[in-house]
1. Which of the residues spanning region A:271-283 are under 24 Å from A:Asp118 (Cβ atoms) and either within 13 Å of RNA strand B (Cβ to nearest atom) or free of Cβ contacts under 8 Å to residues at least 12 places away in the same chain (or both)?
2. Quick check on region A:310-321. Is at least one of its residues polar (S, T, N, Q), more than 22 Å from the chain's Cα centre (by Cα), at pLDDT below 95 and at negative phi?
3. Starting from residues that are in contact with a helix residue (DSSP H, G or I) (Cβ under 8 Å, 6 or more places away or on another chain) and surrounded by 21 or more Cβ atoms within 10 Å (Cβ to Cβ), keep the ones in region A:229-246 and report whichever is farthest from A:Asp305 (Cα to Cα).
4. Quick check, is A:Glu196 away from RNA strand B (no atom under 16 Å from the Cβ) and within 30 Å of A:Ile510 (Cβ to Cβ)?
5. Please find, among A:Asp314, A:Asp262, A:Asp290, A:Asp319, the residue that is outside any strand (DSSP E or B), charged (D, E, K, R) and within 11 Å of RNA strand B (Cβ to nearest atom).
6. Scan region A:350-376 for residues that are more than 11 Å from RNA strand B (Cβ to nearest atom) and either of a type in the set (Lys, Arg) or in contact with a strand residue (DSSP E or B) (Cβ under 6 Å, 6 or more places away or on another chain) (or both) and jot them down.
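The values are calculated or read from the model by the stated rules, or taken from the named source; none is laboratory data. None of these values were measured; they are calculated from a predicted model. With ideal geometry, Cβ positions are generated from the backbone for all residues, glycine too; neighbour counts draw on all protein chains shown.
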Amino acid sequence: METFQSILAKKLSSALANAGLPDAGELTTATDPRFGDYQTNAALVLGKQPTENPRALAKKIVAHLRVDDFCETPVVAGAGFINFKLRPDAIAKKTIEVLRHAGLGVAKAKPKQRIVIDFGSPNVAKPMHVGHIRSTVLGDALARIAQFLGHEVIRDNHIGDWGMQFGMVIYGWKNLLDQRALQRNPLAEIVRVYKETNERATRDPQVREACRQELVKLQAGDKKNIDIWNECVAFSMQDFQHVFEMLDVHYDVQCGESFYHDRLPGVVERLLKSGIAEISEAAVVVFFRDNPELADKPCIIRKRDGGFNYATTDLATVDYRVKELKADAIWYVVGAPQTLHLKQIFEIARRESYAADLRHIAFGSVLGEDRKLMKTRSGENVPLRDLLEEACNRARKIVDEKNPHLGEDEKIDIAQKIGVGAVKYTDLSQYRMTDYIFSWEKMLSLHGNTAPYLQNAYVRIRSIFRKAGEPAPKIDKLILSDPAETNIAKRLCQFAEIVPQILNDFRPNILANYLFELANSFHTFYEACPVLKSEEPARSSRLVLCDLTGRVLQCGLDLLGIKVPEKM
RNA sequence: GCGCCCGUAGCUCAGCCGGAUAGAGCAACGGAUUUCUAAUCCGUAGGUCGGAGGUUCGAAUCCUCCCGGGCGCGCCA
């Protein structure tokens, strides 16, 4: 489906061509409602090489614009902007078009890509904690959005189930394990054992050496160590699964670090053979001498002791995803501190001539009220499970307060949707690179740009239809008599303009902002325009507006991985 | 030392591939409720966009330098 913006952009291009001018400038939404609905700076851009002044150019362009079937006559304003104002009948017509379009007006992306998204990726023998929240929530939202736009998405949970830490885990398992504690809470006991071993190892070189030996045995396929490793992975997966269920996050494949274990020697061999890697100080290293940014930052792919590290695994991962999974693009939803590491990986991949589009989707940290990395009072990472449970408990208290007569099952369901939604929305409504301060009070607030506010708009809509006792009527024509109606109809048409933009720079926050504005417009409409009490044909028209608003809210929130309750 | 990210209202944040008088929310203040869920709406007030230069018709946005905060920089992941 064409949006107003895409139609106007085409009309502008042909007007420029007909006026004998090169294609230039942008067609954007108006910066201020006073200027209308859309604007272009084409004349200003063309006026840079001043043979004519921008205002005169703008007039010339306007003379060639044929937009009177859906716009008022374009106006030249300011230094040479051309402003467009939509005609109400065109808005009404377009809204009906959106209503009948399966994707709510959103066009499929071209070309369609197969995209592997690497996100979440918790480590075995460690519970998921706040540090995983951004990657998981952001990655899942981007996966949903890409899929909605028609891409083929493979969600890959690249779990950390191999590597150095297992030497310690196995040493601890063999020497420090409390069987009863293991039965009570397996993961907690594994974590305890790991931590204690880690402490001992830092003090005592003999313990460190013993851990290294355990690791060597594991990597050599020692039966006993493999069994222990398998058990640890299984226990950890239980914890991950629980958290993923709570978050409603589901993966298509789970190829963790261990999956690539036996491919690592091949990676090193290949890179040595091609001359991309070389031996330096007994390690195998890739240098980037011709790249100023990386010139003094070499990348080790095989350690002096013959062991491999995470760079090696990541290179094997690229190879697998491109060759076996046939990925056109790989998105790494990984925190900002790993920027350098991924730059190195991408650069090596480029030298190996992988064609896939590799993107690092970086993000900032979650901070506590003290502006430092969020920790528990005792200085530990906050387990994600606890955090989500607290979100639901807090939401539950508010539900009890506001709507005590609801049934128990219903309350549990609502509290889940509000609590988890609040946590996700906080993350997604902010620009990903910004560090944000975690605040229960703000995220669960009933006011302002929060998930509950958006959910409430949806609930109000559902309530209208419950009361009406009928679905939205089928009509061919909307009546937009009140400014609040026109406003919301325009917003509904914008959904299709917003969604594709998200992937330009991986910013779901622009969708969150849009949904907030939509909910805001709806609340204004709701106050100004009675629906059920109004006379026909306004009543049917308003019901349709409500219905479409509800569907856009639901769809938009679903793209963010947030659910909507029917009541709250 | 080198590199990356961030600095916008009292607070939390948008806006950043250059565009018109820099926007929201919270908190503050003033209004609206015989209701379709007030978990709401309407309004007022609040700014040297960290600082200084530069490019441009035009800079929060691009470039340089400085200040402040965070994070990384061969054998952890």
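1. Step one: of region A:271-283, the residues under 24 Å from A:Asp118 (Cβ atoms) are A:271, A:276-277.
A:Ala277, the sole residue that qualifies.
2. There is no residue in region A:310-321 that is polar (S, T, N, Q), more than 22 Å from the chain's Cα centre (by Cα), at pLDDT below 95 and at negative phi.
3. Looking at the filtered set, the residue picked out is A:Val243.
4. Criteria not met by A:Glu196.
5. Of A:Asp314, A:Asp262, A:Asp290, A:Asp319, the one residue that is outside any strand (DSSP E or B), charged (D, E, K, R) and within 11 Å of RNA strand B (Cβ to nearest atom) is A:Asp314.
6. Of everything in region A:350-376, those that are more than 11 Å from RNA strand B (Cβ to nearest atom) and either of a type in the set (Lys, Arg) or in contact with a strand residue (DSSP E or B) (Cβ under 6 Å, 6 or more places away or on another chain) (or both) turn out to be A:Arg350, A:Arg351, A:Ala356, A:Asp357, A:Leu358, A:Arg359, A:Ile361, A:Met374, A:Lys375.
The rows are residues; the columns are (1) surrounded by fewer than 20 Cβ atoms within 10 Å (Cβ to Cβ); (2) assigned to a loop (DSSP other than H, G, I, E, B); (3) out of contact with any helix residue (DSSP H, G or I) (no Cβ under 7 Å at 6 or more places or on another chain); (4) in contact (Cβ under 8 Å) with a residue 40 or more places away in the chain.
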| residue | (1), (2), (3), (4) |
| --- | --- |
| A:Ile117 | no, no, no, yes |
| A:Gly120 | no, yes, no, yes |
| A:Gly131 | yes, no, yes, yes |
| A:Arg134 | no, no, no, yes |
| A:Gln147 | yes, no, yes, no |
| A:Gly172 | no, no, no, no |
| A:Ala201 | no, no, no, no |
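Yes/no per residue for (1) surrounded by 15 or more Cβ atoms within 10 Å (Cβ to Cβ); (2) within 15 Å of RNA strand B (Cβ to nearest atom):
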residue	(1), (2)
A:Phe4	yes, no
A:Pro22	no, yes
A:Val62	yes, yes
A:Phe81	yes, yes
A:Lys85	yes, yes
A:Ile91	yes, no
A:Lys94	yes, no
